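> Quick one: this structure, given as C-alpha cells, is what I'll be asking you about.
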Amino acid sequence: MVSLLRQQKIRNILLQALFAGIVLLVVIGGWRNAQHALSSQNVVSGFGFLHKSTGWDVNFSLLPASPNDPYWWFFVIGIVNTLFLGILGLTLATFIGGLVGLFRTSSNDLLQLLGRIYVDFFRNIPLILQVFFWYSLVTNLPAPRNAMEFGPLTLSNRGVYMPALNVGGWHVAGAAVTLLLALALPLWLRTTRRLASPPEQRGALVWGVLGGGLLLAAAILLLGRAPGAALIDPPRLQGLNMRGGLRVSPEFTALLVAIGIYGGAYIGEIVRGGFKAVGKGQTEAAHSLGLSPWQSFSRIRLPLALRAMLPILANQYIWLIKATTLGIAVGFTDFFMIVAVTINQSGQTLEAIAILMVGFLAINLSIAAIFNRINRAIALKGNQLRS
Amino acid sequence: MNTLANSAAVAPPGRVRMLRKRYFPTPLQGVVSVVSAGLLLLISWKLLDWAFLSAVFGAEGSAAECRAAGGACWSVIANRWRIIFFGLYPHAEQWRSALACVAVVAMIVLSCVPSFWRPWRLAAVWIIGTAVYYILMKGGILGLRYVGEEQWGGLALTLFIFVATCLIGFPLSIVLALLRRSELPVISRGTGLLIDAVRSLPLLAILFAFAVVVPFMLPGWMQTGKLYRVVFGAGLFFAAYQAEIIRGGLQGVPRGQEEAAMALGIGYWHRVGKILLPQAMRNALPATINQFVIGFKETSLVIVVGFFEILASGNAAYGTGEWTFAYREVYAFIALIYFVFTYSLSRYGAYLERRMAISSR
Amino acid sequence: MADTHPANVPAVQINGMNKFYGHFHALKNIQLTVHRGEKVVVCGPSGSGKSTMIRCINRLEEHNSGQITVLGTELNDDVASIDGIRREVGMVFQHFNLFPHMTVLENCVLAPMLVRKTPRAQAEAAAMRYLEKVRIPEQAQKYPGQLSGGQQQRVAIARSLCMEPEILLFDEPTSALDPEMISEVLDVMVHLATEGRTMICVTHEMGFARRVADRVIFMDAGEIVEEAPPETFFQSPSSERTKQFLSQVLGH
C-alpha cells in the first residue's frame, strides 16, 4: 500500500480524485442543505416562478413594465437597464478617459498636471462614495419651481430634464440605429479591402452613404411624430412639477456621472500606458520621414497605442459593466437589483442567483468576444515589432 | 568655478527662454498653457475658499451660522466625528476602537518596510496586529467589557473588513495560483473554472450571496455571523484576482529556475517556497499593491448588505437632525480618509516599482 | 557515498530508451552505458536529442519506454527513487539558472541544507571550498546579477558540487557565454575531470572533448550514431553523418 502511494501516476490520480471529491461534496452538500432549508420555508424550487407576476414595480425601464408582468420579463428589463446604463457609462468614460489620457501624454506640463490631478483624485475615492455624492447633489438641487436652467437642461431635485422629441419610442430606436449605421458604414467603407475598388476611390460612395443615412434617420423621426404636436417638447413648469421633456431620474444621473468620471480616470491611465508602450523609435522614425506632428500622431502613434491598450480596455469595460450593480445603493433597478428584490419577494434564492450568474457571464463573454474580434482584426502581423 | 560663474550670469535670459520654449512654443500651445494655468488657479482658489476661507470650524458652529458663511461647514464633523470613526460602538469604550485602529494602521505600515518581507515576520505582524484589534474591539477578556460585532462601525469596521479580507484572501490566492498551475489537469482546470467564475461576477453580487444565500447552504454547525460570511466572500473575490496576479508573476520566473532546483534534488514545497514564490512575488509586487488599493476601496460596498462601515456612518452623521444640508462636508471628509490610505499606498507602490526597475538590470 | 554503490555497478545504464513529444520521436532506442569515473562527451547537431537524453538521466524529462538505471537504482515512477537519484546527479545548465534572489553563497548552501540537512556552518565551509576550486571565493556575498556570465557558470558548477554528486551532467555549459569567457569555464571543467567524478557533457567544444573525454558520442536525429574514444572519433569516424558534422564544426 505504501509503495503504491509512492508511484507518481497513482499518486496523481488519487490527488485529482481527492480534489474532485471535495468539490463535489461541497457543491452537493450545499445544494441539498439549501433545498432542505428552502422547502421548509414553503418555497417551491424550480424555474416555474418565472411565469408568475411579480406584484412590484420598477422605477426605471426602457420597456413597458407593470406589477402584473411575470418575473422573466422583469429580468429582461433588468438586463436592458444594466446594458443601457453600462453602454452610456462606458461611452462617457471612454470620452473622458481619452481626453485625460491625451492630457497626460501631452508635452505641456500644465496640461499633464491637470490630467494627473484628475486621475489621482477620482481614482483614489471609492466609486460608491462618488455615487452617493452625486446622488445627494442632485436630490439637494432646488425644487422644480426654482429649478436651475443650464442651457437646454433643467436641473431640479426631481432629476435632470431635457427637451424631448414628440416621437414614438420605436421610431426613436429606429432612428438611432439608422444614425449609428450612417456613421459606422462610411468608416468601414473607407478601410475595408473586401470591395473591388481601392479605398481611395470610394469618396462619392462614402459621402452618399453618410448623407443618405442622415436623411433616412430624420425621415424616420418625422414619420413617428405624434400628430398635432410640436416636434420638440421642452420641459416646462406646471404647478409644483415639471411637465413635458425627458426626465432623467436622480438615480440614473448619479450613476452615469459617477461611472463616467471614475471610469474616465482609469481609462485615462490605460490610454497613457498605451502611448507609453509605443517605442520612441517609432516616433523618431516618423519625424525623420518628415511627417507632421499631427500625421505622426494619427498615422503612427495612435494606431500603435490602440493596439497596446485594447486588451486592458476590455477588462476595464467588463469591470465598469459590473459597477452598474451599484444601482442598488441608490435604488436604480438594474439587473442585480431586480435579482435582489426577487430573492426578497419570492424566496427563489438559488434560481435567482443562478440567473444572475448566467446573465453576467453572458455579458462578460460578449464583451470579451467583441474585443477579441477587434484585436484579431487589427493585430500586427508577424512579430517584427516585438522590440 | 569659472563655468559656475558663467552659467549664473546667463541664467536669467536662459530661464526666460526656457519658460517660453516650454509653455509658448506655438500660439496654440500658448493658449493651452494659459487656459490650463487659469483652470488650475480657479480650482485651487475655489477649493481653498470653500474648505478654509469661508468655512465654519469648531463644534460650536450652528447650522444657521454655516448657511450664512457660504463655505464648508466643518462643524458637522466636529459634532459627529465619533459616529464616523466608531459607528455605534459604546461611547465609554470608544478609546478601545481608536486604539484598535492605531494597531491596524501600525501593522499596515510595518508590512511596507522591506526588512519585514519574510514570510514568518509578515505572518507574525499580521496575526499579532489582528489579534490586538480583535481583543480590543470585542473584549470579554482582560477586564474589557464585551462588545458584539453588531455594534462595531465606522472607520474601525472598515479597517477590520479590509484586514480580514487580506488575511483570508492573500493566503487563499497563493493556494489558488499554485493549484491553477498544477500539472494535474483536473486540479488546474477545476481551479481555473472557480477563479474565472468568481472574477466574472460583480463583488456586490458575491457579498449579497454570502450574506443572504450562503446561510441556506451551510450545515447547522457551520453557521457563523453575517460579518464573517461577508468578509469571507470579499476574501474569495480578492483571492480570485490576486491569484491571477501571482500566476502572472510565476509565469515570469524562467523555467530553468525550477529545473535547477529539481536537479539539486530540492522537493516541491521547498521549490515553491524558496525559489518560485519569492521571485514571483517580486515580479507581482506592483500589481499586488494595486490590488490592495482596490481591495481597500471595495470594503465600502458592504454598506449594501447592511453594515455600518464608514460610508454608512457618514450617511448617518449628516442624515439626521439639523445637519441634513451638510452632505458635501461629510463626503469630503470620508473621501479624504480613503484618499490618504489609497494614495499613500499607491505612491508607495510606484516607489517600489521605480526601485525595482533600477535594481534589476 | 562511494561505499553505498559497489564499484562494479555502472554510473548510468540506458537500455532501449524511447522518448516522444506528441508524435515526434525525439529519442530512438538509446543504448548507453557510462562507467563510474568515465568522462563522456556528447555532441551532434542542434535538435539531435543530446540535451533531452541527459535530461532524462535526472528525470527533468520523462522517458516513455526502456530502462534508465543510475548507480544501480532504476528510474521509474517511484517518487523516492527519483529523489534519491537527483541527490547523486548534479547538473550544470546552459543558462546557469542561478537563483537571482540569493547570494552566491546562499545558492551554494541551499540544497545541502534542505536536502541533506547539513548544518549551516558545515555547508558554508564546504561551499567556500568549492568556490575556491572554481576560483571565485571573493564573490561569495554578491548576487548572481552582479557577476559576468563566465563567473555565473562557475558558481553554478560550484553549486552542483556542493551536493557532492557522484555524477555531473553538463548541458551545453559554454553555449550562452561570450567567447572570451568560455576558456575560464572549460579550465574549471578540465580540472574537475582529473578528480575521478563521472561526467557526461553535452558540448560543441571539440578541443575539450579531445583533451578530457574517455569516449565521444555523436547523436543525430534522436539516435546515437557513433561512439568511440576521442582519437578514433576525430581521426577516423566510421559514419558519413559524423564526418559531415565534424567537417562543419572543425572546418574553419
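The values are calculated or read from the model by the stated rules, or taken from the named source; none is laboratory data. Please read these numbers as outputs of a predicted model, since none were measured by experiment. Backbone-built Cβ (ideal geometry, glycine too); neighbour counts: all protein chains shown. We work out accessible area using only protein heavy atoms, side chains counted, and drop any ligands, DNA or RNA first. Shrake-Rupley method; radii C 1.70, N 1.55, O 1.52, S 1.80 Å.
> Got a sec? Which helices (runs of 4 or more DSSP H) wholly within region B:197-304 have at least 2 residues that are over 24 Å from A:Gly30 (Cβ atoms) and small (Gly, Ala, Ser)?
Those helices (runs of 4 or more DSSP H) span B:226-251, B:255-263, B:277-298.
> Let me ask something else. Restricting to region C:168-191, count the residues that are in a loop (DSSP other than H, G, I, E, B) and either surrounded by 16 or more Cβ atoms within 10 Å (Cβ to Cβ) or within 14 Å of chain B (Cβ to nearest Cβ) (or both).
So the answer is 6.
> A further question on this structure: What number of residues in region B:131-152 are crowded, with 19+ Cβ neighbours inside 10 Å and in a helix (DSSP H, G or I)?
3
> Looking at C:Glu124, is it touching a helix residue (DSSP H, G or I) at 6+ places or on another chain (Cβ under 6 Å) and either at pLDDT below 90 or open to solvent by 20 Å² or more (accessible area, probe 1.4 Å) (or both)?
Yes: the conditions hold for C:Glu124.
> On to the next question. Taking B:Gly169, is it open to solvent by 30 Å² or more (accessible area, probe 1.4 Å) and away from chain A (no Cβ under 14 Å)?
It is false that B:Gly169 is open to solvent by 30 Å² or more (accessible area, probe 1.4 Å) and away from chain A (no Cβ under 14 Å).
> Additional query: Would you please name the residue that is farthest from C:Leu161 (Cα to Cα), looking only at residues in region C:52-91 that are within 13 Å of chain B (Cβ to nearest Cβ) and assigned to a loop (DSSP other than H, G, I, E, B)?
So, considering only residues that are within 13 Å of chain B (Cβ to nearest Cβ) and assigned to a loop (DSSP other than H, G, I, E, B), the one farthest from C:Leu161 (Cα to Cα) is C:Glu62.
> Find the residue count for region B:316-331, including only residues that are free of Cβ contacts under 8 Å to residues at least 12 places away in the same chain, of a type outside the set (Ser, Thr, Tyr) and under 22 Å from B:Ala156 (Cβ atoms).
The number of residues fulfilling the criteria is 1.
> Of all residues in region A:317-331, count the ones that are more than 10 Å from chain B (Cβ to nearest Cβ) and in contact with a Gly (Cβ under 7 Å, 6 or more places away or on another chain).
Total meeting the criteria: 1.
> If you don't mind, there's one more thing I want to ask. Going by the structure shown, is B:Leu155 closer than 17 Å to B:Tyr89 by Cβ and crowded, with 20+ Cβ neighbours inside 10 Å?
Spelling it out, B:Leu155 is indeed closer than 17 Å to B:Tyr89 by Cβ and crowded, with 20+ Cβ neighbours inside 10 Å.
> List the pairs whose first member sits in region B:214-235 and is among the charged types (D, E, K, R), whose second member is open to solvent by 30 Å² or more (accessible area, probe 1.4 Å), and whose Cβ atoms are under 6 Å apart, counting only residues at least 6 apart or on separate chains?
The qualifying pairs are B:Arg229/B:Phe210.
> Let me ask another. Check whether at least one residue in region B:280-300 is crowded, with 20+ Cβ neighbours inside 10 Å and touching a strand residue (DSSP E or B) at 6+ places or on another chain (Cβ under 8 Å), and report yes or no.
yes
> Of everything in region B:176-213, what is touching a residue at least 60 places away in the same chain (Cβ under 8 Å), facing chain A (nearest Cβ under 7 Å) and under 25 Å from the mean Cα position of the chain (by Cα)? Give them in sequence order.
B:Leu204, B:Phe208
> Scan region C:92-137 for residues that are polar (S, T, N, Q) and outside any loop (DSSP other than H, G, I, E, B) and jot them down.
Passing the criteria: C:Asn107, C:Gln122.
> Does C:His95 meet the test of being more than 17 Å from B:Arg271 (Cα to Cα), touching a Pro at 6+ places or on another chain (Cβ under 9 Å) and open to solvent by 50 Å² or more (accessible area, probe 1.4 Å)?
It is true that C:His95 is more than 17 Å from B:Arg271 (Cα to Cα), touching a Pro at 6+ places or on another chain (Cβ under 9 Å) and open to solvent by 50 Å² or more (accessible area, probe 1.4 Å).
> Within region A:213-228, work out how many residues are surrounded by 12 or more Cβ atoms within 10 Å (Cβ to Cβ) and either in contact with a strand residue (DSSP E or B) (Cβ under 6 Å, 6 or more places away or on another chain) or modelled with pLDDT under 70 (or both).
4
> I would also like to ask the following. Against the definition (out of contact with any Ser or Thr (no Cβ under 7 Å at 6 or more places or on another chain), farther than 20 Å from A:Ala323 by Cα, open to solvent by 40 Å² or more (accessible area, probe 1.4 Å) and assigned to a helix (DSSP H, G or I)), how does B:Phe341 come out, yes or no?
yes
> Moving on. Could you say which residue among B:Ile303, B:Ile289 is among the hydrophobic types (A, V, I, L, M, F, W, C), under 12 Å from the mean Cα position of the chain (by Cα) and within 23 Å of A:Asn124 (Cα to Cα)?
B:Ile289
> Considering only residues of region B:221-267 that are among the charged types (D, E, K, R) and farther than 15 Å from B:Arg199 by Cα, which is nearest to the other protein chains (Cβ to nearest Cβ)?
B:Glu259
> Examine region A:20-39 for a residue that is more than 10 Å from chain B (Cβ to nearest Cβ) and assigned to a strand (DSSP E or B), and state whether such a residue exists.
Scanning region A:20-39, I find no residue that is more than 10 Å from chain B (Cβ to nearest Cβ) and assigned to a strand (DSSP E or B), so the answer is no.
> A follow-up question, please. Residues being facing chain B (nearest Cβ under 9 Å) and open to solvent by 60 Å² or more (accessible area, probe 1.4 Å): count how many of those fall in region C:98-121.
2
> Cβ-Cβ distance below 8 Å, separation of 6 or more or different chains: which pairs start in region A:63-85 with a residue that is of a type in the set (Gly, Ala, Ser) and end on one that is loosely packed, with under 15 Cβ neighbours inside 10 Å?
A:Ala65/A:Asp57; A:Ser66/A:Asp57
> Tell me which residues, restricted to region B:307-324, are open to solvent by 10 Å² or more (accessible area, probe 1.4 Å) and either modelled with pLDDT under 80 or not hydrophobic (A, V, I, L, M, F, W, C) (or both).
B:Asn315, B:Tyr318, B:Gly319, B:Thr320, B:Gly321, B:Glu322, B:Thr324
> Now, a different point. Of the residues B:Arg80, B:Arg67, only one is among the charged types (D, E, K, R) and modelled with pLDDT of 80 or more; which?
B:Arg80
> Quick one: how many residues across region B:344-361 are surrounded by fewer than 17 Cβ atoms within 10 Å (Cβ to Cβ), within 27 Å of B:Phe160 (Cβ to Cβ) and at the interface with another protein chain (Cβ under 10 Å from one of its Cβ atoms)?
2
> Among the residues of region A:9-19, which ones are open to solvent by less than 90 Å² (accessible area, probe 1.4 Å) and either among the charged types (D, E, K, R) or within 9 Å of chain B (Cβ to nearest Cβ) (or both)?
Within region A:9-19, A:Asn12, A:Leu15, A:Gln16, A:Ala17, A:Phe19 meet the criteria.
> Then there is this: Yes or no: B:Gly273 open to solvent by 10 Å² or more (accessible area, probe 1.4 Å) and more than 27 Å from B:Gly349 (Cα to Cα)?
Here the answer is no, as B:Gly273 does not meet what is asked.
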